[in-house]
1. Looking at M284, M315, which one is assigned to a helix (DSSP H, G or I) and either touching a helix residue (DSSP H, G or I) at 6+ places or on another chain (Cβ under 7 Å) or closer than 18 Å to G60 by Cα (or both)?
2. Quick check on A343: is it closer than 20 Å to V74 by Cβ, without any contact (Cβ under 8 Å) to a residue 40 or more places away in the chain and touching a His at 6+ places or on another chain (Cβ under 9 Å)?
3. Restricting the search to the range 221-239, which residues are under 24 Å from Q265 (Cα atoms) and in contact with a Gly (Cβ under 7 Å, 6 or more places away or on another chain)?
4. Within the range 231-246, work out how many residues are surrounded by fewer than 23 Cβ atoms within 10 Å (Cβ to Cβ) and of a type outside the set (D, E, K, R).
5. If the requirement is being more than 20 Å from the chain's Cα centre (by Cα), buried (at least 17 other Cβ atoms within 10 Å of the Cβ) and either modelled with pLDDT under 95 or hydrophobic (A, V, I, L, M, F, W, C) (or both), which of these qualifies: A321, A327, A331?
6. Whether any residue in the range 254-270 is assigned to a strand (DSSP E or B) and either more than 23 Å from A187 (Cα to Cα) or of a type in the set (S, T, Y) (or both) is what I want to check.
7. Assess whether Y252 counts as being in contact with a helix residue (DSSP H, G or I) (Cβ under 8 Å, 6 or more places away or on another chain), touching a residue at least 24 places away in the same chain (Cβ under 8 Å) and closer than 17 Å to G113 by Cβ.
8. Take the range 355-381 and flag every residue that is of a type in the set (G, A, S) and modelled with pLDDT of 95 or more.
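The values are calculated or read from the model by the stated rules, or taken from the named source; none is laboratory data. Since we're looking at a predicted model, the values are computed, not measured. Note that we place each Cβ from the backbone using ideal geometry, even for glycine, and neighbour counts take in every protein chain shown.
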Amino acid sequence: MRRRDMLGHAGRLALWPTLGGVAFAARAQSVGISDTRIVLGQSAPFSGASEQLGLQFYLGAQLFFEALNQKGGVQGRRIELRRLDDGDDPDRCAANTRQFLSEGVFALFGYIGTLTSAAALPLATEAKLPFFAPASGAEALRVPFNRYAIHVRASYQDETAAIVRQITGTGIKKIAVFHQNDAYGQAGLEGVARALQAQNLSPVALGTVERHSVDVVKAVDEILAHRPEAIVQIGVYKACAVFVRLARGRGYTGNFYNVSVVGTQALLDELGAMAKGVLVSQVMPFPYTPVTPIASEYLAAVKARPGLVPNHSSMEGYVAAKVFSEAAQRAGRNLTREGFIHAVQGLRNLDLGGFPVDFGPNKHTGSRFVEMTLLTEDGRIRR
């Protein structure tokens with residue numbers, strides 16, 4: 001799904017020397033913008049074990065952008081979202097990001113994952129390019145504060161705190177953690193450990209899986225040996241589904257808890273009838289019924305596109321596109337990257353239709369919304 005897009009007219013102009021330094025700076029800030037379009041770049045997994053995470057986010061964003069473009073776009077400019085496949089590989093993601101920078105995109109949008117985002121963010125920062133709405137809740141992308149990193153979703157700490165509250169609220173204390181052996185898994189583990197520590201508890205067992213692997217037999221053995229009452233999973237859908245199936249086959253009857261980046265619909269599709277007793281924390285509004293205005297809007301957009309189905313990952317892309325477009329609209333016709341960032345910081349207590357976001361000059365995480373969902377054996381996702 002990789003493709004090379006030609007550098008837009010405004011981008012070519014921005015690379016030409018000018019006689020006036022001020023004029024050159026003004027043009028450089030407007031890279032990725034022409035009179036008719038705003039160009040964004042998304043590096044994400046469009047192949048491999050995390051393919052559905054990248055694809056669904058992209059499809060959700062495109063739903064919003066295409067509808068907006070049909071109405072005239074932002075200040076008369078259409079939004080164009082270019083995508084490159086990184087297969088969830090940080091080196092490929094960095095190479096994709098350099099390509100986007102050389103092509104002159106206005107901003108980087110909707111990167112998927114912690115390690116890939118961590119590889120791209122320094123490049124965006126050096127180029128003074130907005131890094132907008134990465135699908136990761138890792139603190140390493142949020143602390144210390146970075147002017148160019150803009151997060152729409154809640155953090156993994158917010159999610160894991162909600163998961164631990166849900167579990168311990170039922171009286172359960174023996175909690176194990178199965179996690180991916182990378183920065184994403186470590187971030188989730190640290191969030192669980194911190195939430196448990198606040199209740200004078202700690203994980204009773206740990207198990208890991210390597211990135212892009214489903215070899216979880218050792219992890220299942222190590223965790224089940226400690227007889228946990230609940231298991232928190234920090235991974236992607238394929239490995240987590242294999243773990244659930246193996247543990248159920250060994251007679252484990254407790255619940256499994258996952259964070260949103262697992263890919264809820266993809267996990268449900270992998271598990272089938274074995275989804276019973278699996279819960280997932282969500283950082284986006286419930287996308288399956290019109291319980292909020294934004295869900296109604298999203299579902300109407302999905303219905304208008306045959307072949308698409310609603311899910312949390314595409315809802316995240318849709319919401320991210322909506323927030324981006326709102327800030328770009330407020331930045332005005334003379335849109336620049338710095339003007340866009342300033343406009344984002346002015347989105348105070350903005351209600352998107354049942355999903356509020358709140359940014360500020362030193363606050364680039366717009367939401368702390370988390371709710372729990374339950375997967376069912378008959379293929380549904382319930383609140």
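1. M315
2. So A343 does not fit the description; no.
3. Once the filter is applied, which keeps residues that are under 24 Å from Q265 (Cα atoms) and in contact with a Gly (Cβ under 7 Å, 6 or more places away or on another chain), the range 221-239 yields A230, I231, I234, G235, V236, Y237.
4. Here the count works out to 2.
5. The match here is A331.
6. Among the residues of the range 254-270, at least one is assigned to a strand (DSSP E or B) and either more than 23 Å from A187 (Cα to Cα) or of a type in the set (S, T, Y) (or both), which makes the answer yes.
7. Here the answer is no, as Y252 does not meet what is asked.
8. Residues satisfying the conditions are G360, G366, S367.
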